[in-house]
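Heads up, the thing below is written out as structure tokens.
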């Protein structure tokens, strides 16, 4: 068996970086695994994971080069079971007629 290292770019907020320190990479791997385990798509508008004492929120998208981009922030424990996919967010925006700028 061989392991392939995938291109995952991690963009933590200052609050997430302060909370996690050198564990940012570990959390990025956990977030990627949570996305894959969800089996609903790679582009996630909002999902949360628990790491140690922290609830962490992340979103993901596919970059122009084909890499997975994870944006990581401190989460809200009240939203721990909620997953919002990008496609759901796009449909919701379209249904209310909002044209928010794309990332």
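The numbers here are math on the coordinates, done by the rules we state, and not lab data. The structure presented is a predicted model; accordingly, all values stated were derived computationally and were not measured. No Cβ is skipped: glycine too gets one built from the backbone with ideal geometry, and neighbour counts run over all protein chains shown.
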Starting from the 7 Å offset along Cα-to-Cβ, what nm value, one decimal, do you get for the label separation of residue 33 and residue 81? 2.3 nm
Starting with the highest mean, order 85-92, 69-76 by the number of other Cβ atoms within 10 Å, averaged over the residues of each peptide. 69-76, 85-92
Acute angle (nearest 10 degrees) that the helix 24-38 long axis makes with the longest principal axis of the chain, alpha-carbon atoms: 50 degrees
Relative to the first principal axis of the alpha-carbon coordinates of the chain, what is the inclination of helix 86-96, with its axis defined by its Cα atoms, in degrees from 0 to 90 and to the nearest 10? 20 degrees
Arranged by the count of other C-beta atoms within 10 angstrom, fewest first, what order do 14, 46 take? 14, 46
At a 10 Å Cβ-Cβ cut-off, how would you order 27, 96, fewest neighbours first? 96, 27
Linear extension gain, residue 64 paired with residue 4, 0.36 nm per residue minus alpha-carbon span: 19.6 nm
Looking at the chain, what % of its DSSP beta bridges pair antiparallel, to the nearest 5? 75 percent
